[in-house]
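Enquirer: Structure provided below as structure tokens; questions to follow.
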Amino acid sequence: MAASTLDQALAQLGYDAFRPGQREAIDILMQGGRALLVAPTGGGKSLCYQLPALLLPGTTLVISPLIALMQDQVAGLTARGIPATFFASTLDAAEARLRLDGLMRGAYKLAYIAPERLALPGFRDRLMKLGCPLVAVDEAHCISEWGHDFRPEYGQIGELLRELNPPRVLACTATATPIVRDEILVRLGLPADTPQLLRGFARPNLALRAAEISGPRERAARVDAVLAETLFAPGAGRGSAIVYTPTRRLAEEESQRLAAAGWRATAYHAGLSGELRALAQAAFTEGRAEIVCATNAFGMGIDRGDVRAVVHLGPPGSIEAYYQEVGRAGRDGGNAVGLMCWQQSDLPLRRRLLESPGSDFTPDPDVIEHKWNLFLELIRWADGAACRHDAILRYFGDEAETLHGCGRCDVCLALGSVDEVSVEEATQLARKLLSGIARVQNRYGLKQAVRLLRGESEDRLERDGLTRVATFGLLRDRSEAWIQRALSRCVTAGWIGFSGDQHPVVRLTDDGVAIMRGQRSARWLPPPDAERSAASNGG
Ligand code: ADP
Ligand code: ZN
């Protein structure tokens, strides 16, 4: 594809340069290929199907679950003279028929379709006659029961792709857990070796922090400290903040608490009427409110670049959800802080929430288990002792953008003030822990490593001769909970990895090997000696 053709189409869409990763995705599509594009929300995924849609003959179909987003995009395209339309349940029958006629006449370059439309009798048959060059599936993780946002109506998309068999398919998602990515491919009927493009997860201007708190009083103090640090004082005009709350009630209470302290704060949650929600959102985007206290209902379409802090009063359900929400800070590229408060009692709370049946369907036990693990990943991250920024990028598989310490998260700052003696001690501890992993790797999980290091004899260890090695009982003086916690910190630090899905077994990563051999020092914070109750048991 000639660069000048691409540049022209880019200009027609209103941009002058590609962002990292966009060009690769577009090239694959223009060559008649299929791809899974994994990039964070706001990463610029829509351009990757809009631009090919302009260049290819025929009508590109875009499946999207978010009506507001479809409307925005169609309005934007139409304003640029690009004929586009959308099909969703908000249209009355006459309007839908009119648009369908247009579609069949080839009047549109792009047609956005809400997935539930695909179930309407006759609709898919019409699409069959269209001969469309490209189908894009936005928010493709909604097809995955393992994902954090499963939508049953997404099941229709696999059928559609089988029937249409379009030459090009682009599946887009911000979810990067490998199991979900693989399930997306299977359910869309795409080959397992479909290229997965992964870009743009780094947000180096965010200072990420996680704090284990003892209760509401400490939490309030943390919130106040972050607000004072980032916004200075009520009405200072230095930007804005979002405080995410786990419940509607807490959104109300926290906004009242902050208002009483002089902040221009407002609450936003799904329990408010549409009118009140619109008022709250407008107050925030137009600058009349400087803080919004909100449940996760708040977020779509927030257009405020100067968010200087995103504080979570409790952990959301997964690293994906957390990163999407904290990602609303510092959109203007300026410095911003993300603080997530959590406490041990969040674990049983989340477990109960997962096990209570939803209004529309009861998830099966495997799905509950999977979501529980997504949550534990977030808690392990929060409880971890490695650079927060790098740990998140590693989770998403975006190794290329890790910084080997961002220098601004709470862990990096704590490590910065650690003296060399402590670094040496921490390195020795890491070497002991990792040598235990080396003994059981590719055979057993973390539990056996804990037994080995504790010196607890057990059938399988004996059979393998592991009760007679020097590593057996190497950390006899530590509690089981301490070793577990320390090992899970080695996981978040990227020294220990896992293989296998059903029964994950441990292995040392390249970094882990280098540390175990003493080729590198281990910059981490081992858990404190005095043991609190372990956060992430199992694992
Ligand atoms: P996603 O679908 O990945 O959440 P969008 O496609 O909506 O993200 O893009 C997010 C924002 O980035 C939009 O405001 C879009 O206009 C902007 N954007 C995308 N690509 C570019 C680019 N190459 N140059 C400048 N802005 C871009
Ligand atoms: Zn860091």
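Enquirer: Round to a whole angstrom and tell me the spacing of the C-alpha centers of region 362-398 and region 1-50.
Expert: 30 Å
Enquirer: Further, regarding this structure: Taking the Kirkwood radius as the inverse of the mean 1/r across Cα pairs, report the Rg/Rh of region 161-229.
Expert: 1.27
Enquirer: Please provide three numbers in whole Å: the alpha-carbon extents of region 278-337 along the principal axes, with the largest listed first.
Expert: Principal axes ranked by extent give 31, 25, 19 Å for the Cα atoms.
Enquirer: Could you go through region 427-434 in sequence order and give the Karplus-derived ³J(HN,Hα) for each residue, using 6.51 cos²θ - 1.76 cosθ + 1.60 with θ = phi - 60°, rounded to whole Hz, and x for Gly and Pro?
Expert: 5, 4, 4, 4, 5, 5, 4, 6
Enquirer: Checking the a/c ratio against 1.5 first, then a/b against b/c, what shape does the Cα gyration tensor give for region 58-139?
Expert: It comes out rounded by the Cα gyration axes.
Enquirer: For the chain, list log₁₀ I(q)/I(0) at each q in 0.06, 0.10, 0.11 Å⁻¹, using the Debye formula over Cα point scatterers of equal strength and ignoring solvent, two decimals each.
Expert: Log10 I(q)/I(0), no solvent term: -0.34, -0.91, -1.07.
Enquirer: Which lysines, on any chain, are close to Lys447 with Cα under 26 Å apart, when same-chain ones fewer than 8 places away are left out?
Expert: Leaving aside lysines fewer than 8 places away in the same chain, those within reach of Lys447 are Lys371, Lys432.
Enquirer: Moving on to the next point. With 10 angstrom as the radius, rank Cys406, Cys293 by how many other C-beta atoms surround their C-beta, starting from the fewest.
Expert: Cys406, Cys293
Enquirer: With only alpha-carbon atoms counted, please give the Rg and Dmax of region 434-497, in Å.
Expert: Cα-based Rg and Dmax for region 434-497 come out at 10.9, 31 Å.
Enquirer: Let me ask something additional. If I fit a long axis through the Cα atoms of helix 67-79 and take the longest principal axis of the Cα atoms of the chain, what angle between them do I get, 0 to 90°, rounded to 10?
Expert: Between the helix axis and the principal axis of the chain, the angle is about 50 degrees.
Enquirer: Over region 47-185, how many percent of alpha carbon pairs lie in each 5 Å bin up to the one with the longest distance?
Expert: 2, 10, 21, 24, 22, 13, 6, 2, 0
Enquirer: Out of every Cα pair in region 299-406, what percent are spaced more than 16 Å from each other?
Expert: Above the 16 Å cut-off, region 299-406 has 65 percent of its Cα pairs.
Enquirer: Only Cα pairs under 8 Å and at least 6 apart count here; give the relative contact order of the chain as a rounded whole percent.
Expert: Computed value for the chain: 12 percent relative contact order.
Enquirer: Stokes-Einstein diffusion coefficient for region 387-459 at 37 °C in a medium of 0.692 mPa s, Rh from the Kirkwood formula over Cα pairs: what value in µm²/s?
Expert: Once the numbers are plugged in, D ends up at 224 µm²/s.
Enquirer: Which log10 I(q)/I(0) values, to two decimals, does region 235-314 give at q = 0.24, 0.27 Å⁻¹ under the Debye formula with one point per Cα?
Expert: -1.19, -1.51
Enquirer: Using just the helices of the chain, give the 222 nm mean residue ellipticity in deg cm²/dmol: DSSP H runs with n ≥ 4 each add -39,500 (n - 2.57), and the total is spread over all residues, rounded to 500.
Expert: -13000 deg cm²/dmol
Enquirer: If you don't mind, there's one more thing I want to ask. Sort 107-114, 330-337 by packing, meaning the average of other beta carbons within 10 Å per residue, with the highest value first.
Expert: Peptide ranking by packing, descending: 107-114, 330-337.
Enquirer: From the alpha carbon gyration tensor of region 233-383, can you work out the equivalent ellipsoid semi-axes (sqrt of 5 times each eigenvalue) and give them in Å, largest to smallest?
Expert: 28, 17, 14
Enquirer: Right, next: At 0.36 nm per residue, and after removing the present C-alpha to C-alpha distance, how many nm does the segment from Asn296 to Asp182 gain when stretched out fully?
Expert: Taking Asn296 through Asp182 to full extension adds about 38.4 nm, to one decimal.
Enquirer: Would you calculate the volume per residue, in Å³, of the smallest convex hull containing every Cα atom of region 174-277?
Expert: 188 Å³
Enquirer: Return the tail of the calculated pair distribution for region 384-539, meaning the percent of Cα-Cα pairs more than 23 Å apart.
Expert: More than 23 Å apart: 35 percent of the Cα pairs in region 384-539.
Enquirer: Quick one: check the C-alpha center-to-center distance for region 207-221 versus region 94-171, whole angstrom.
Expert: For region 207-221 versus region 94-171, the Cα centre distance is 45 Å.
Enquirer: Now for a separate question. Could you work out how much longer the chain between Val421 and Gln71 gets when fully extended? Use 0.36 nm per residue separation minus the Cα distance between them, nm to one decimal.
Expert: Computed gain between Val421 and Gln71 is 120.1 nm.
Enquirer: Taking the convex hull of the alpha carbon atoms in region 1-104, what volume per residue do you get, in Å³?
Expert: 115 Å³
Enquirer: To continue, here is another question. Rounded to a whole number of µm²/s, how large is the Stokes-Einstein D of region 222-282 at 20 °C and 1.002 mPa s, given Rh as the Kirkwood radius over C-alpha pairs?
Expert: It diffuses with D of about 174 µm²/s by this estimate.
Bear in mind these aren't lab numbers, they're just calculated from the coordinates by the rules spelled out. Quantities reported herein were computed from a predicted structural model and do not represent experimental measurements. Cβ atoms come from the backbone with ideal geometry, glycine included; neighbour counts cover every protein chain shown.
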